[in-house]
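Participant: Once you've had a glance at the structure underneath, I'll fire off some questions.
The values are calculated or read from the model by the stated rules, or taken from the named source; none is laboratory data. These figures come from a predicted structure and were not determined experimentally. Glycine also receives a Cβ, built like all others from the backbone with ideal geometry; neighbour counts cover every protein chain displayed. The protein model used for the area step is the full one, side chains on, heavy atoms only, and it has no ligands, DNA or RNA in it. Shrake-Rupley method; radii C 1.70, N 1.55, O 1.52, S 1.80 Å.
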Amino acid sequence: MRAISLRAEEPAAKNRLFGRGAMLMMLIVGIVPNGLFLAAMPFFIAERLISPLMYLLAAVAAFFLPPFFAYILFALVAAIDLSLIVLIAFHLPVMTALDSIRFMATIDIAASVFYIALISANFIIALLTAWLFNRYRTEMRLASPIPATVLALALVAADARFNLPYVSKADPDFDSAMSQNGLDAKVVAARGNNLLIVLVEGLGAFADPAERRLLSGKLESAAAAGHYTLTSGRTRYAGSTTSAESRELCGRWGDHLDYIRGPGPFDCLPRGLAAKGYRTAAYHGYTSDMFERDIWYPKIGFEEFHFAEDMIKEKPELVASRCGSVFLGLCDREVAEVVRSRLLNRGEQPKLVYWLTLNSHIPFVAKKEGKLACGSVKAAISNETVCELTELWGDVFESVGSIAADPRLPPTDILLVGDHHTPLWERDAKDRFSFGEVDWYFLRSGKVLREQRLAARFGGISLRLR
């Protein structure tokens, strides 16, 4: 009798493992919620390593709850799924990402058709998954979860194979453009020049030197005039934009939370230069509410900070200057002119002027009829997205080159550096940058050398050329 019982159990076990219920579970819990990203994987990057397992766990939990809760569980996983994609794409540490939720009111998600389409599709798929789950709940309850688990693990393995190389990894060895150029408060003050630091939103490190020269060439005319020596290089990065501000301005890994929560004051470049007689000013074409820069900028030594709302008060004509979509703020070209005016102010104090650009923030609004002919057969860069972004970065570089070449400009050293790797979704676009690095360009003024020679000629009398 025992042998007969065992023979009867074998088909039942086989049916649980390979029958209709098990196949339905694989389809509903594995393929349906992950299918969109699976289909896009050869062309787009959306790192979601644990998402297939989260959908599986939501299904297991839903078996023990009333049917209505399936909709809640799958929608919750969809929200977490999207959040993780954004967190990884924009290089946000977990705590920074959680803190960033409170700044959502400062951005306009609805301005991006891509974002709205992605969010809508993800939640529609989540609700469809819940509906299918409830419809076939009884059949799936009797099935083995092993096939669905194997499929989820296979999806995790595929994601790791294709997307994990694009995930930013922490680098314990500190690096920065400032440190590579030996620019600390003591060195800058000893030169006596103004210092302009431009942190360029989303500027990664071009893999192709020819594409990199599209930007560096905009600075070469200033160098060729004999006033500057142009050098360039790359530096590692960690985190997002506020992490880059910590890297270049404070000489350490960190982000805005370190400076908001810490008591301060902090030993950063602006504070060090302020102590040596410099006037320190920061400019950004977006609202001060984003990352509460008006709170922590004073802690690191900025005596002045000018955000979109401040610059509009100072120059009401800027009300009409608006660029971007989700991050709608002042146009970088307009802010560049405000920065120029500040540098041309010939007060007694030398200046540290810091400018954080905006318009190349993803998602961006492409220029119409730009010089690089993006999207045409004559395009300077074949990938349209990278070409359009380079147009926006080119506006910043042209503006800085114009400032540098301005004959009225007092002796000023100028550093341009990217904040973090370009957060692009397309594989072809992403692969045009060296991952884990950002480019920097340094225009070192030669005017200070003339001053030193004249000072030596006149018996050590300090002269400052204007």
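Participant: For THR390, which of the numbered conditions (1) open to solvent by 10 Å² or more (accessible area, probe 1.4 Å); (2) farther than 16 Å from TYR354 by Cα; (3) touching a strand residue (DSSP E or B) at 6+ places or on another chain (Cβ under 9 Å) fails to hold?
Facilitator: (1)
Participant: Under the condition of being part of a helix (DSSP H, G or I) and open to solvent by 10 Å² or more (accessible area, probe 1.4 Å), which residue from region 249-260 is nearest to ASP175 (Cα to Cα)?
Facilitator: Looking at residues that are part of a helix (DSSP H, G or I) and open to solvent by 10 Å² or more (accessible area, probe 1.4 Å), I get CYS250.
Participant: Could you tell me which residue of region 169-204 is nearest to LEU424 (Cα to Cα), considering only residues that are among the aliphatic types (A, V, I, L, M) and surrounded by fewer than 16 Cβ atoms within 10 Å (Cβ to Cβ)?
Facilitator: Among those residues, the one meeting the criterion is ALA170.
Participant: Here is a follow-up. In this structure, does ALA281 turn out to be small (Gly, Ala, Ser), buried (at least 22 other Cβ atoms within 10 Å of the Cβ) and either part of a loop (DSSP other than H, G, I, E, B) or out of contact with any Cys (no Cβ under 8 Å at 6 or more places or on another chain) (or both)?
Facilitator: No; evaluated as a whole, the condition is false for this residue.
Participant: Going by the conditions given, is SER246 hydroxyl-bearing (Ser, Thr, Tyr) and without any contact (Cβ under 8 Å) to a residue 24 or more places away in the chain?
Facilitator: The answer is yes for SER246.
Participant: Here is a follow-up. Kindly indicate whether GLY301 is free of Cβ contacts under 8 Å to residues at least 60 places away in the same chain and touching a Lys or Arg at 6+ places or on another chain (Cβ under 6 Å).
Facilitator: Criteria met by GLY301.
Participant: What number of residues in region 310-330 are surrounded by fewer than 22 Cβ atoms within 10 Å (Cβ to Cβ) and in contact with a Ser or Thr (Cβ under 6 Å, 6 or more places away or on another chain)?
Facilitator: So the answer is 2.
Participant: Determine which member of the set LEU87, LEU36 is modelled with pLDDT under 85, farther than 16 Å from LEU132 by Cα and touching a helix residue (DSSP H, G or I) at 6+ places or on another chain (Cβ under 8 Å).
Facilitator: Just a single option satisfies the conditions, and that option is LEU87.
Participant: Okay, next question. For the condition open to solvent by 10 Å² or more (accessible area, probe 1.4 Å), within 25 Å of GLY204 (Cβ to Cβ) and part of a helix (DSSP H, G or I), what is the one hit in ARG333, ARG342?
Facilitator: Answer to the selection: ARG333.
Participant: Among the residues of region 289-308, what is the count of those that are part of a helix (DSSP H, G or I) and open to solvent by 20 Å² or more (accessible area, probe 1.4 Å)?
Facilitator: The total comes to 7.
Participant: Which residue out of LEU87, LEU98, LEU73 is over 24 Å from GLU245 (Cβ atoms) and either touching a residue at least 60 places away in the same chain (Cβ under 8 Å) or of a type outside the set (Gly, Ala, Ser) (or both)?
Facilitator: LEU73
Participant: State the number of residues belonging to region 205-248 that are small (Gly, Ala, Ser), open to solvent by 30 Å² or more (accessible area, probe 1.4 Å) and more than 26 Å from VAL167 (Cβ to Cβ).
Facilitator: The qualifying residues number 7.
Participant: Residue check: is GLU388 at pLDDT 95 or above, in contact with a Lys or Arg (Cβ under 9 Å, 6 or more places away or on another chain) and either closer than 24 Å to THR241 by Cβ or not in a loop (DSSP other than H, G, I, E, B) (or both)?
Facilitator: For GLU388, the condition - at pLDDT 95 or above, in contact with a Lys or Arg (Cβ under 9 Å, 6 or more places away or on another chain) and either closer than 24 Å to THR241 by Cβ or not in a loop (DSSP other than H, G, I, E, B) (or both) - is met.
Participant: Looking only at region 345-373, filter to residues that are aromatic (Phe, Trp, Tyr) and closer than 22 Å to PRO410 by Cβ; which one of those is surrounded by the most Cβ atoms within 10 Å (Cβ to Cβ)?
Facilitator: Among them, the one singled out is TRP355.
Participant: Part of a helix (DSSP H, G or I), aliphatic (A, V, I, L, M), within 23 Å of the chain's Cα centre (by Cα) and closer than 24 Å to GLY239 by Cα, is that true of ALA105?
Facilitator: yes
Participant: Residues of region 396-437 being polar (S, T, N, Q) and either within 30 Å of ALA40 (Cα to Cα) or assigned to a helix (DSSP H, G or I) (or both), which ones?
Facilitator: Of everything in region 396-437, those that are polar (S, T, N, Q) and either within 30 Å of ALA40 (Cα to Cα) or assigned to a helix (DSSP H, G or I) (or both) turn out to be SER399, SER402, THR422, SER434.
Participant: For a quick check of your reading of the model, give me the residue pairs whose first member lies in region 394-423 and is at positive phi, whose second is surrounded by fewer than 21 Cβ atoms within 10 Å (Cβ to Cβ), with beta-carbon atoms closer than 6 Å and at least 6 apart or on different chains.
Facilitator: Matching pairs, first to second residue: none at all.
The rows are residues; the columns are (1) over 31 Å from the mean Cα position of the chain (by Cα); (2) open to solvent by 50 Å² or more (accessible area, probe 1.4 Å); (3) more than 23 Å from LEU49 (Cβ to Cβ); (4) free of Cβ contacts under 8 Å to residues at least 12 places away in the same chain.
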site: VAL113; (1), (2), (3), (4): no, yes, yes, yes
site: ARG137; (1), (2), (3), (4): yes, no, yes, no
site: LEU142; (1), (2), (3), (4): yes, yes, yes, no
site: LEU155; (1), (2), (3), (4): no, no, no, no
site: ASN163; (1), (2), (3), (4): no, no, no, no
site: VAL167; (1), (2), (3), (4): no, no, no, no
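Participant: Here's something else I'd like to know. Which one of ASP81, ASP99 is in a helix (DSSP H, G or I), at pLDDT below 85 and under 24 Å from the mean Cα position of the chain (by Cα)?
Facilitator: On inspection, the qualifying residue turns out to be ASP99.
To keep it simple, each residue is scored yes or no on (1) farther than 29 Å from LYS430 by Cα; (2) small (Gly, Ala, Ser); (3) open to solvent by 70 Å² or more (accessible area, probe 1.4 Å).
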site: LEU17; (1), (2), (3): yes, no, no
site: ALA40; (1), (2), (3): no, yes, no
site: ILE45; (1), (2), (3): no, no, no
site: LEU53; (1), (2), (3): no, no, no
site: THR96; (1), (2), (3): no, no, no
site: ASN122; (1), (2), (3): no, no, no
site: LEU128; (1), (2), (3): yes, no, yes
site: LEU132; (1), (2), (3): yes, no, no
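Participant: Which condition number in (1) over 23 Å from the mean Cα position of the chain (by Cα); (2) assigned to a loop (DSSP other than H, G, I, E, B) is the one that ASN359 fails?
Facilitator: Single failed check for ASN359: (1).
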